[in-house]
Amino acid sequence: MNSRIDVIKSTFIEKKGLIVASAALTFVVMLYFIVWHCSIIAIGSIYSIQDVSGDFLRLTAKYGAASLIYSSAVCISLIVFRRPVVRKFIVGFALFLFFASEFVRMFDWGALYFGGAHVDSNFWAHAFYSDGTVYLTTWLSFGIYASVLAIFALVFAILRKIYLYTDRVDEGARS
Amino acid sequence: MKARLSIIVIVVNAVAALALGLLVAVCVWLSGLVGDDGRDRQPVKNSDGSISVLVDKKTLMDREKSIERIKTAEKAFRNDISDPRVYLRLPESEFFRSLFAYYFLSKIMSAKPVTLDKAIIDLFKERGQLLYSMDERYPLMKKSIYLDPRRKTYNRPAIRPGTNVIIIFVESLSDFFLKEELHGLRGLTGHINEMGNESFSFTRMRNASFPTIRGLIAALGSGVYLLDENIGGSRIPIPCRFLFLSNILKKKGYTTIHAQAGSEHFIGMKDFFMKREGYDYFYGCESLIPRGIRDRENGFGVDDDVLFGFVVELLKKQPRNAPFLLTISTINSHPPFKVKERHPGSDGNEMIDAIHSTDRAFGEFWEYFKKSPHADNTVVILTADHAMGNNKQYIDFMKKHEDHFSPFFDIIPCYIHFPGGAYRGVKNDTLCTSMDLLPTLLEMMDMDLPNPFMGIPIFSERKYYKNMDNPTGAMKLDQATIAQAKKILAFYLNLYKEDRILPKDYSVTLH
């Protein structure tokens, strides 16, 4: 039993960088979801978090699960797969998924601010008509773009770290 | 090693997620304790999933009880509309649902022609909508604007042939905003009220549709359009044609013009109006102020004062001896609201300021019109494309006037100013919808023709038929009702997709 704990301890110490980066990815992604949703409710709607607190906590749990699955899947895939092409594809795919989410949420923010309505099942029917393009060059939109880029850059940096750490994952096993 | 590391990664990630989750929970807890989860806002559901707020005979006998029941029903549905949990939906899933609905759902539903059964046909007939009276392929076509020509009355205002017609659709103008005695904001719509006082009015007209394009189709074409806006759009153009007032008046030698503060290209409006609905000219914001996108930065289109300024110039150029139909759509009161003129009592509510701005812009036009050479030969109609939607400024404002809260569908103004101020102050209290406007105009112009209209003439026939209103507050949404609604939706969607509203070879032939 003690030897098993020792092994875990040593793995933890050896791969501290990877483990911390992985936890950071979970934390950042989850925080991104939560802060986005807080801002949409607190600024974009007439309601407060208290109005929906019960459901909001349930949503937080869902975001936690989604972030856990996302970052664990990325890390474990990078640990398991060794071919550089596959590993790069994994990172690219993870970034694509994250950006897709950001992209939709970016428009959701815009839709809320300008149209007074959440992205809903009619969103696509209304989206991208020429009128809407006037919103793409407002100060608020620039603020949204900046936030999107900053968060994307942060996720990219963490994924890069994970990529580099997992590149050396076999070193411990060999030694 | 890899397996061990993977497990450690999962555990540490779980701890990170849990820690953040707990932090959020503590913050929410500290900032006011966990409270309402919004579930009590929903209407009570039956065990079979239907929603019932039924008012039985016994309740109806008891006036107080029935009012209380109706209020409960209204509250349940009002709360459902303003459910804050809409802000808790995941935008990603909504985005994909919207893609699916747009590209697949309507295609699947519109794929086959649907023949409605007798029970549904009777239901339509009760509302004054006659189906399959001429042709199976074009089920909406009927021979006359009157369902029973014997009911035709001459006890109504008349519009003589050759009179110009101007119809102004004020964006989202619920009748409530014109009632100072209700909202208490003096002079909010002073100019529109002044026009109303000098006009004939339908005091209980409800909008039949929402949003704008559907509202315009309801009023100008007495038609039902259930798709989401893409009528003339470039992604999936819908080929259907309606019979608009413009198609009919062109036959009488009218020049037909539409001017709007919004974009010409939005949902393909210009193409739709000009290629299908017989308009000669269409002016959107691109024509009104062609100086680039920066002029339109604050919301959709240009300000209504620019629109009405343009209309005044247009009227100045319009020859007196050639009749015209001019339809106008405003925009300031569309979210995001465009504010040109603040109302002193608005408390910063931009919806109120936007309505006031439109009123001021309309005032400029009205002052010009009354003195213009067209005044003695023009009927001016002021109405709304639809009622105000439930945007947050509307909800904010209506918190003080809860009894009148009616987003999307409500009473809308319908003022008709006749040349020389005839019928000034006369009011018609018949409960009707905006789909009745076109047949009623034709009734007043003494015109009749084969048509696919879903509305009926108000003076002659509306009182004989039911409205879509539900005065008892009795509502039941069960499986059978939903199945019926789906069938009706599929029926309409196929009509739109296969252009089965007007026959291909249809030409306006007046009786």
The condition from (1) assigned to a loop (DSSP other than H, G, I, E, B); (2) at pLDDT below 90; (3) basic (Lys, Arg) that residue B:107 misses is numbered (1)
Please go through the range A:9-52 and give me each residue that is in a helix (DSSP H, G or I), at the interface with chain B (Cβ under 7 Å from one of its Cβ atoms), of a type outside the set (S, T, N, Q) and over 16 Å from residue A:66 (Cβ atoms), ordered by number. A:12, A:19, A:40, A:41, A:49, A:51, A:52
Quick check: anything in the range B:449-459 modelled with pLDDT of 90 or more, of a type in the set (A, V, I, L, M, F, W, C) and closer than 25 Å to residue B:181 by Cβ? no
Matching residues, the range B:390-410, being part of a loop (DSSP other than H, G, I, E, B) and more than 13 Å from residue B:176 (Cα to Cα): B:390, B:391
Search result, residues across the range B:13-27 that are surrounded by fewer than 21 Cβ atoms within 10 Å (Cβ to Cβ) and of a type in the set (Val, Ile, Thr): B:15, B:26
Which of the residues spanning the range A:14-33 are buried (at least 21 other Cβ atoms within 10 Å of the Cβ) and among the aliphatic types (A, V, I, L, M)? A:18, A:19, A:21, A:23, A:25, A:29, A:30
Across the range B:143-153, what is the total count of residues that are of a type in the set (A, V, I, L, M, F, W, C) and surrounded by fewer than 14 Cβ atoms within 10 Å (Cβ to Cβ)? 0
Can you find a residue that is in contact with a Phe, Trp or Tyr (Cβ under 9 Å, 6 or more places away or on another chain) and among the β-branched types (Val, Ile, Thr) anywhere in the range B:185-202? yes
Taking the range A:57-101, which residues are surrounded by 19 or more Cβ atoms within 10 Å (Cβ to Cβ) and hydroxyl-bearing (Ser, Thr, Tyr)? A:60, A:63, A:67, A:70, A:71, A:72, A:101
Could you list, in sequence order, all residues of the range B:477-509 that are farther than 14 Å from residue B:227 by Cα, among the hydroxyl-bearing types (Ser, Thr, Tyr) and in contact with a Leu (Cβ under 7 Å, 6 or more places away or on another chain)? B:509
If I filter the range B:185-224 down to residues being basic (Lys, Arg) and out of contact with any strand residue (DSSP E or B) (no Cβ under 9 Å at 6 or more places or on another chain), which single residue comes out as nearest to residue B:267 (Cα to Cα)? B:214
Mind telling me which of the residues A:134, A:119 ends up being of a type outside the set (Gly, Ala, Ser), in contact with a Lys or Arg (Cβ under 6 Å, 6 or more places away or on another chain) and modelled with pLDDT under 80? A:134
Would it be correct to say that residue B:140 is more than 18 Å from residue B:220 (Cβ to Cβ) and surrounded by 17 or more Cβ atoms within 10 Å (Cβ to Cβ)? no
Restricting the range B:313-330 to residues that are in a loop (DSSP other than H, G, I, E, B) and out of contact with any strand residue (DSSP E or B) (no Cβ under 7 Å at 6 or more places or on another chain), the residue that is surrounded by the most Cβ atoms within 10 Å (Cβ to Cβ): B:320
Select from the range B:285-304 the residues that are in a helix (DSSP H, G or I), at pLDDT below 80 and more than 24 Å from residue B:356 (Cβ to Cβ) and list them in ascending order. B:293, B:294
What's the number of the only condition in (1) over 24 Å from residue B:495 (Cβ atoms); (2) modelled with pLDDT under 85 that residue B:228 fails to meet? (1)
Would you call residue B:26 modelled with pLDDT of 75 or more and more than 8 Å from chain A (Cβ to nearest Cβ)? yes
Listed residues A:79, A:19, A:34, A:49; which is touching a residue at least 60 places away in the same chain (Cβ under 8 Å) and among the hydrophobic types (A, V, I, L, M, F, W, C)? A:79
Is there a residue being crowded, with 20+ Cβ neighbours inside 10 Å, in contact with a Gly (Cβ under 8 Å, 6 or more places away or on another chain) and more than 14 Å from every other protein chain (Cβ to nearest Cβ) anywhere in the range B:390-412? no
Unmet criterion (only one of (1) under 22 Å from residue B:284 (Cα atoms); (2) in contact (Cβ under 8 Å) with a residue 24 or more places away in the chain) for residue B:408: (1)
Look through the range B:373-391, keep the residues that are without any contact (Cβ under 8 Å) to a residue 60 or more places away in the chain and under 17 Å from residue B:420 (Cα atoms), and return whichever of them is farthest from the chain's Cα centre (by Cα). B:373
Pairs where the first residue, in the range A:132-152, is within 13 Å of residue A:105 (Cα to Cα) and within 13 Å of chain B (Cβ to nearest Cβ) and the second is modelled with pLDDT under 85 and surrounded by 12 or more Cβ atoms within 10 Å (Cβ to Cβ), C-beta under 7 Å, 6+ apart: A:141/A:110; A:141/A:135
For residue B:309: the one exception among (1) in a helix (DSSP H, G or I); (2) on the phi > 0 side of the Ramachandran plot: (2)
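The values are calculated or read from the model by the stated rules, or taken from the named source; none is laboratory data. Remember, predicted model here, so these are calculated numbers, not experimental data. Methodologically, a virtual Cβ is constructed for each residue, glycine included, from the backbone with ideal geometry; neighbour enumeration extends over all protein chains shown.
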